[in-house]
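Participant: Quick one: the structure is below, and I'll ask about it shortly.
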Amino acid sequence: MKVYRDLNNLPQFRNAVITIGSFDGVHYGHKKIVKKVKDLAIATGGESVAITFHPHPRQIVYPKDDTLKLITTTEEKIALLEQSGLDHLVIVPFTFEFSQLSADEYIQKFLIEKFQPKHIVIGYDHRFGMNRRGDINYLRWHEQKGGYKVVEIEKEEINAIGVSSTRIRESLESGDVKKAASLLGHFFTLSGKVVKGQQIGTTIGFPTANLEITSKAKLVPPDGIYAAYAIYDGERHRAMLYIGKRPTLKKYSNRTVEVHIFDFSKTIYEDELEVEFVDFIRSDAKLDDLNALQAQLTQDQKTTMKVLDQTKDLVNEWEAAKLPSVGVVILNYNGKNFLEKHLPSVLKTTYRNCHVYVADNASKDGSVEFLRKNFPEVSIIQMTQNHGFAEGYNVALETLEPDYFVLLNSDVEVPPNWLEPLVDLMEKDHTIAAVQPKIRALNQPEYFEYAGAAGGWIDFLGYPFCRGRIFDSVEKDKGQYDQVSEIFWASGACMAVRAPLFKGFGGFDAEFFAHLEEIDLCWRFKRAGYKVMFTPRSTVFHLGGGTLGYHSPYKTYLNFRNSYYTLLKNEGVIKLAFLLPIRVAMDTVAALSFLLQGRWLHAQAVIGAFLSFFLALVTFIKKRIVLEQLIERIRISPQPNRQGLLSRSIVFQYFVMQKKFFNRL
């Protein structure tokens, strides 16, 4: 995340999706808004931008009002927002002059001139401009002239979370830091420089680091002892925090914030320290002498240790939530046996922010009942009819909102650490739309598997093939493709894809039903300039042909028909004029070959594919027009990405030149 503090030094944002607010606390409600901004930016080929203000507007508009108490300082806010994956954070220097902008000036001189937004994501109650005269309706009134679209955060959407900065402040001011943490989704913190105190704690075995809180507006909870964590140099340590005027020590009456860090002996004067409030232990109290204070602190430490022991799972949960969220979605149709054999391996996945879903396509073999009984931790998406592979996934993914989808066949076995390399690769490069692991055969693990192998390519006539598998020739994996590489398409047997992009590009084409729908989707990604990648750092094992055999006549029909659909939707118009006749001629040869082999059902399937294609010609021409407009809106490059496209005929190379392996092409 890039941070800007000068409005006169902003970059030219690309298709900016912006949101504006104080974001005090960066609580669950804020995180939901930020995720909507980020997802919309990804889905529209844009950049996500959050805009906030420093100092807080109330400090400028009402300078004599000292009642404002903030949950987070600006620096704490930056650190929390950085975890969200935003592209940009703009901290607007809020001045009296800025506060005098009219609503019209705010829109024109601030929002439009500085950010050129394509979307403005805003709350239903957002106000802006002098005397707060501008509102969401005013923004909408300027939509056409300003060239942006307003996306409203509904009142019900925020209220459903039950979170507000006001509620959190109330909890903190009453000392209920545990409740505040549950609303924030993270611990409330105080941070500052460690300064020297009177060092009395050292004499009784409880040395403390005195924290200097410089922000007058920063909220400090009531006096007392708190269970806490101290974060020093990026490491979290168990600690016990004291806030108060030290009534036992009669010499002193100033309020201090002191933290005793357990099992810690470093000298950290003048260093920055962050303290997380976990729970309230007791109120401040005057004790008889230092011996009584020592005894009480000893008891406090025991209580604190118990409290911290009980928060281990919560800390792990919050740490996991900082990772990108992944929804592993397995589409199932009458695959109870596959689920029984292979789902346990998926549930052993070590990636910490992952949830497993089984989308059931109206199975009749008792799959749903089996899952409920044996795998209650798995979420079931139950459909009332068999939508096929393509539309089945579209329906299943419609209401899910992780950062990434992983589409996984039910007959795939995975090792525990298979997911991390996929996510890591996509996190490093936001132009990657999808990534595929190495796919090896479950029954012959030394060989690549037919459906995907080491990543998909396509030749200039539109015939797909894989590195490690061309037609029926499957290679043994000898490490020959053990480099992270750009490919043309990722296998639907195991494909990680950015969730907003999957939805933004329209998902799979439902009319494909099954087979080649992933090639069609990846081709759309590539046309808009995105990358599709292969990584050998993750390997999965696919049984293959579980629901529809590789040599099924129906599969032959779908492959030939869907190949024509894919070409018509994605290939250039001029090229199609000569490409389609060539394809028809070559596929006619394929049909004759099937006949000569006595496989007349396959020959019939090819002829059926021709007929289906020509009957659907008008439908797919209309789809092509809509698709052209969609890609034009969300492209990230003026030129399509052609990596993974073979400039020669794979049919000629394979059958005439006898080049059976990819690395010989």
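Each value in this text was obtained by applying a stated rule to the coordinates, not by laboratory testing. Owing to the predicted nature of the structure, the values given are computational and were not obtained by experimental measurement. Note: ideal-geometry Cβ built from the backbone for every residue, glycine included; neighbour counts use all protein chains shown.
Participant: Taking the Cα centre of the chain as origin and charging only Cβ (+1 Lys, Arg; -1 Asp, Glu), how large is the dipole, in debye to the nearest 20? Please list the in-between numbers first.
Facilitator: On the way: 81 positive and 76 negative charges, 235 e Å.
Value, rounded to 20: 1140 debye.
Participant: Can I ask one more? Rounding to the nearest 10 and keeping the result within 0 to 90°, find how far the Cα-based axis of helix 388-397 lies from the longest principal axis of the chain.
Facilitator: 10
Participant: Using θ = phi - 60° and the Karplus relation 6.51 cos²θ - 1.76 cosθ + 1.60, list the HN-Hα couplings for the range 3-10 in order, rounded to whole Hz, with x at every Gly or Pro.
Facilitator: Values per residue, Gly and Pro as x: 10, 10, 10, 10, 5, 8, 10, 9 Hz.
Participant: Here's a follow-up. Which ³J(HN,Hα) values, rounded to whole Hz and listed in residue order, are derived for the range 600-612 from phi using the Karplus coefficients 6.51, -1.76 and 1.60 in 6.51 cos²θ - 1.76 cosθ + 1.60 with θ = phi - 60°, glycine and proline given as x?
Facilitator: Coupling constants for the range 600-612: 5, 5, 6, 4, 5, 5, 5, 4, x, 5, 4, 4, 4 Hz.
Participant: Rounded to the nearest 10 degrees, what's the angle between the helix 28-43 long axis and the longest principal axis of the chain, both from Cα atoms, 0 to 90?
Facilitator: With both axes taken from Cα atoms, the answer is about 30 degrees.
Participant: If you filter the range 128-212 for trypsin sites (Lys or Arg not before Pro), then keep DSSP loop positions with at most 14 other Cβ within 10 Å, what is left?
Facilitator: Answer by residue number: Arg133, Lys196.
Participant: Could you sort the peptides 496-507, 292-303 by per-residue average Cβ neighbour count (10 Å cutoff), highest mean leading?
Facilitator: 496-507, 292-303
Participant: From the cross-link list Lys38/Lys438; Lys178/Lys312; Lys118/Lys149; Lys196/Lys245, which pairs have alpha carbons spaced over 18 Å apart?
Facilitator: In this structure, Lys38/Lys438 lie more than 18 Å apart at Cα.
Participant: For the charge dipole of the chain, defined by +1 on Lys and Arg C-beta atoms and -1 on Asp and Glu C-beta atoms about the Cα centroid, which residue among Val378, Val326, Phe662 has the Cα displaced farthest towards the positive pole?
Facilitator: Phe662
Participant: Taking amide hydrogens as modeled 1.01 Å from N in the peptide plane, which residues meet the under 5 Å criterion relative to Arg133, leaving out close sequence neighbours?
Facilitator: Answer set, sorted by chain and number: Phe128.
Participant: Would you mind checking which residues have amide H under 5 Å from Ile381's amide H? H placed 1.01 Å from N; only 5 or more apart, or other chain.
Facilitator: Amide H neighbours of Ile381, under 5 Å, 5+ apart: Val358, Ala359, Asp360.
Participant: Taking loop as defined by DSSP and a crowding limit of 13 other beta carbons within 10 Å, which GluC sites (Glu not before Pro) in the range 135-215 fit?
Facilitator: Details: sites: Glu143, Glu152, Glu154, Glu156, Glu157, Glu170, Glu173, Glu212; in loops: Glu154.
Of the GluC sites (Glu not before Pro), the ones in loops of the range 135-215 whose Cβ has at most 13 other Cβ atoms within 10 Å are Glu154.
Participant: Moving to a separate point now. How big is the Cα convex hull of the range 198-321 in projection, averaged over all directions, in nm²?
Facilitator: Projected over every direction and averaged, the Cα hull of the range 198-321 covers 8.2 nm².
Participant: Which of the GluC sites (Glu not before Pro) found in the range 228-305 are in a DSSP loop and have at most 13 neighbouring Cβ atoms, other than their own, within 10 Å?
Facilitator: For GluC sites (Glu not before Pro) across the range 228-305 that sit outside H, G, I, E and B with at most 13 neighbouring Cβ atoms in 10 Å, the list reads Glu270.
Participant: How far is helix 617-634 tilted off the main Cα axis of the chain, in degrees rounded to 10, range 0 to 90?
Facilitator: Here the helix axis deviates by roughly 30 degrees.
Participant: What are the ³J(HN,Hα) values, in whole Hz, obtained from phi via the Karplus relation 6.51 cos²θ - 1.76 cosθ + 1.60 with θ = phi - 60°, for each residue of the range 233-242 in sequence order, with x given for Gly and Pro?
Facilitator: With the stated coefficients, the range 233-242 comes to 6, x, 10, 8, 10, 5, 7, 10, 10, 10 Hz.
Participant: Using Cβ contacts closer than 10 Å as the measure, can you line up Trp318, Trp418, Trp457, Trp600 from fewest to most?
Facilitator: Ordered from fewest to most neighbouring Cβ atoms within 10 Å, Trp318, Trp418, Trp457, Trp600 come out as Trp600, Trp318, Trp457, Trp418.
Participant: Related question: Arranged by the count of other C-beta atoms within 10 angstrom, fewest first, what order do His342, His142 take?
Facilitator: Values: His342 23, His142 19.
Lowest to highest Cβ neighbour count: His142, His342.
Participant: May I ask for the Rg/Rh ratio of the range 316-366, computed from Cα atoms with Rh as the Kirkwood radius, given to two decimals?
Facilitator: Value, to two decimals: 1.09.
Participant: Give me the percent relative contact order of the range 2-159, please, defined on Cα pairs under 8 angstrom at least 6 residues apart. Walk me through the numbers on the way to the answer.
Facilitator: Values: 243 pairs, mean separation 43.7, N = 158.
Reported relative contact order: 28 percent.
Participant: Mind listing the long-range amide H neighbours of Tyr232? Cut-off is under 5 Å, sequence gap 5 or more, other chains count too, H placed in the peptide plane at 1.01 Å from N.
Facilitator: His237
Participant: Normalised by the residues of the chain, what does the relative contact order come to in percent, with Cα pairs under 8 Å and at least six apart?
Facilitator: The value is 10 percent.
Participant: Here is a further query. Going by C-beta contacts inside 10 Å, put Trp523, Trp141 in order with the fewest on the left. The partial results should precede the final answer.
Facilitator: On the way: Trp523 25, Trp141 15.
By the 10 Å Cβ count, ascending: Trp141, Trp523.
Participant: Also, I was wondering about something else. Where the only charges are on Cβ atoms (+1 Lys, Arg; -1 Asp, Glu), what is the dipole of the range 2-159 about its Cα centre, to the nearest 20 debye?
Facilitator: With only Lys, Arg, Asp and Glu charged at Cβ, the dipole is about 180 debye.
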